[in-house]
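Encoded as structure tokens, the structure appears first; notes follow it.
Every number here is computed from the coordinates shown, using simple stated rules; none is lab data. Bear in mind that the values here come from a model prediction, so they are computed numbers and not experimental data. FYI the Cβ positions are ideal-geometry reconstructions off the backbone, even for glycines, and counts take in every protein chain you see.
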Amino acid sequence: MIGQPILDLGNTNNWELVWPQFEFAAVQTGPSSYIRIPEFFCPVQLTKPILAISLSTSQGGVKLAGFVNQKIQTGLTVGGQPDAYALYRRKVYFEDNQIIFIPDIVDSYSVSISVPYWIRHIKGAMWMYTGIISDSITERLKAVQLSIEGLQ
């Protein structure tokens, strides 16, 4: 267990709504043809490595919502365009509140969601964990000491 973060995920005061109530739909171009939902981006830069996401759809029987992608700027220019690199990618599902642990190796990053071509409608919200994240042995020892003192 050493090295695992000490978190207070159950405290609602530790969560900040960073992407409130987004909704996207595919464009219907014919009786049974659609233009797929393009990859869409969270409107703010994120600074903490723990996110929560809730997604839903009006389509029945669909479980896979797509992928949450962590994007970082590398500072390189490729073909005259600033380069963004997808550092991390995780599957997300409909009708399931999910916690996502993003690799904590940069100060800030952006997040996008890419959905499979068969998804016609998606809506949801995203929160960022703002509580204290501590994984030091000293912090763990303090917590154990307080627990022991509480038993005495």
Could you point to the label whose value was computed as Rg/Rh (Cα atoms, Kirkwood Rh) for the structure here, given (1) 1.08; (2) 1.04; (3) 1.22?
(1)
Nearest 10 degrees, 0 to 90: what angle lies between the long axis of helix 137-151 and the longest principal axis of the chain (Cα atoms)?
60
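Got the relative contact order for the chain handy, in percent, Cα pairs under 8 Å and 6 or more residues apart? Intermediate results must be reported in sequence, preceding the final value.
Details: 288 pairs, mean separation 60.6, N = 152.
Relative contact order of the chain: 40 percent.
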Which of the lysines could a cross-linker span from residue 123 if the Cα-Cα distance has to be under 24 Å and same-chain partners fewer than 8 positions apart are dropped?
48, 63, 71, 91
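Can you give the calculated 222 nm mean residue ellipticity of the chain, where each DSSP H run of n ≥ 4 adds -39,500 (n - 2.57) and the sum is split over every residue, rounded to the nearest 500 deg cm²/dmol?
-3000 deg cm²/dmol
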Fewest-first ranking of 144, 18, using other Cβ atoms within 10 Å as the exposure measure
144, 18
Just to be sure I understand: with springs between alpha-carbon atoms less than 10 Å apart, which residue in 141, 17, 51 has the highest mean-square fluctuation in the Gaussian network model of the chain?
141
Modelled label-to-label distance, residue 98 and residue 121, 7 Å Cα→beta-carbon offset: nm?
2.1
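Want the number for residue 39 to residue 12: 0.36 nm per residue separation, take away the alpha-carbon distance, what's left?
6.8 nm
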